[in-house]
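Structure record follows, encoded as structure tokens.
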Amino acid sequence: MTQRRAFPIQLDSLSGNQPKAKAKASASASRPSGAISAPRPSGLGLDSLAVRNRMVQKLAASGIQDAHVLNAMGTVERHLFVETGLVNQAYEDTSLPIGLGQTISKPNVVARMIELLRNGAAGQLGRVLEVGTGCGYQAAVLSHIATEVYSIERLKGLHEKARDNLRSFRLRNVHLLFGDGMEGFAKGAPYAAIIAAAGGNSIPQAWLDQLAVGGRLVAPMVTPTGHQALVVVDKSSQGFKHQVLEAVHFVPLKSGIS
Ligand code: SAH
């Protein structure tokens, strides 16, 4: 199992608030005070809680209202998905490189898209398809708002990275797939929701076909003016309703695998 990355220096001040985890307490109890410090509080899942709570407050202040989304954003440890050197920026509202020229989206964009995807649903969504697993962060967030998450990535290196990143979370409802997401994933269809983390010039037909009646798709798309915008598509028995929302900046949706 890969070693979970420790959260950095500024959080050491929080260690006084750490719960009395038995293993930690006994490890440090045997040390004279002032001696070599105890192991960093990595992997407890609580070492970055205060920082995440601050991020959630900012998300709420910026207009995210859905409690399910705020709760999911407050639960997933984003710092475990970014490169060690970028851990200090993990809870800032910024996109970050994840390797192979790809980026993890800003928390605000992730929250906004998932809020749109949920569309005020009372409980959890059913099966959700995510196109563009990347480092696996958004899949982890989705796992808290959906019964099943199918997440597909076209770059083998990132598919494997996501698998490593997610292993210790033991999210039984997340299914990572390696393939061309432009074809969707027919075996998991129909989907209550489809979310894309990469933008093309149009919405692939496979996504529209694999969306359940009553389902919703949220994706970046290049509009006729040449700019990328967030697009919401609702499928009903009468057909599809498209809405074009705010401008966004996502990596391109590409066909094929690599
Ligand atoms: N949700 C991701 C964001 C990753 S960036 C995260 O939380 O990290 C978008 C990803 O979409 C990239 O990894 C890119 O390789 C992938 N992508 C682009 N076109 C794709 C396609 N046709 N099928 C699957 N993945 C694709």
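The values are calculated or read from the model by the stated rules, or taken from the named source; none is laboratory data. These numbers come from a predicted model, not from an experiment. Glycine also receives a Cβ, built like all others from the backbone with ideal geometry; neighbour counts cover every protein chain displayed. Each accessible area value is taken on the protein alone, full model and side chains, heavy atoms only, with ligands, DNA and RNA left out. Shrake-Rupley method; radii C 1.70, N 1.55, O 1.52, S 1.80 Å.
Observations on the structure shown:
- None of Ala162, Ala189 is more than 10 Å from the ligand (Cβ to nearest atom) and touching a strand residue (DSSP E or B) at 6+ places or on another chain (Cβ under 9 Å) except Ala189.
- For region 201-228, the set of residues classified as open to solvent by less than 10 Å² (accessible area, probe 1.4 Å) and either in a helix (DSSP H, G or I) or out of contact with any helix residue (DSSP H, G or I) (no Cβ under 7 Å at 6 or more places or on another chain) (or both) consists of Trp207, Leu211, Gly215, Ala219, Pro220, listed by residue number.
- Tally, over region 144-178, of residues that are open to solvent by 10 Å² or more (accessible area, probe 1.4 Å) and part of a loop (DSSP other than H, G, I, E, B): 9
- Screening region 49-143 for helices (runs of 4 or more DSSP H) wholly inside it with 2 or more residues that are over 13 Å from the mean Cα position of the chain (by Cα) and farther than 19 Å from Asn165 by Cβ returns the ranges 49-61, 67-75, 107-118.
- Every residue from region 199-231 that is within 15 Å of Asp180 (Cα to Cα) and away from the ligand (no atom under 13 Å from the Cβ): Gln205, Gln210
- Taking region 141-159 as the range and being within 13 Å of the ligand (Cβ to nearest atom) and closer than 22 Å to Ala189 by Cβ as the test, the residues that pass are Val141, Leu142, Ser143, Val149, Tyr150, Ser151, Ile152, Glu153, Arg154, His159.
- Qualifying residue in region 232-250 (condition: near the ligand (Cβ under 9 Å from one of its atoms) and touching a residue at least 24 places away in the same chain (Cβ under 8 Å)): yes
- Number of residues in region 109-132 that are within 13 Å of the ligand (Cβ to nearest atom) and either of a type outside the set (Gly, Ala, Ser) or within 16 Å of Asn173 (Cβ to Cβ) (or both): the value is 9.
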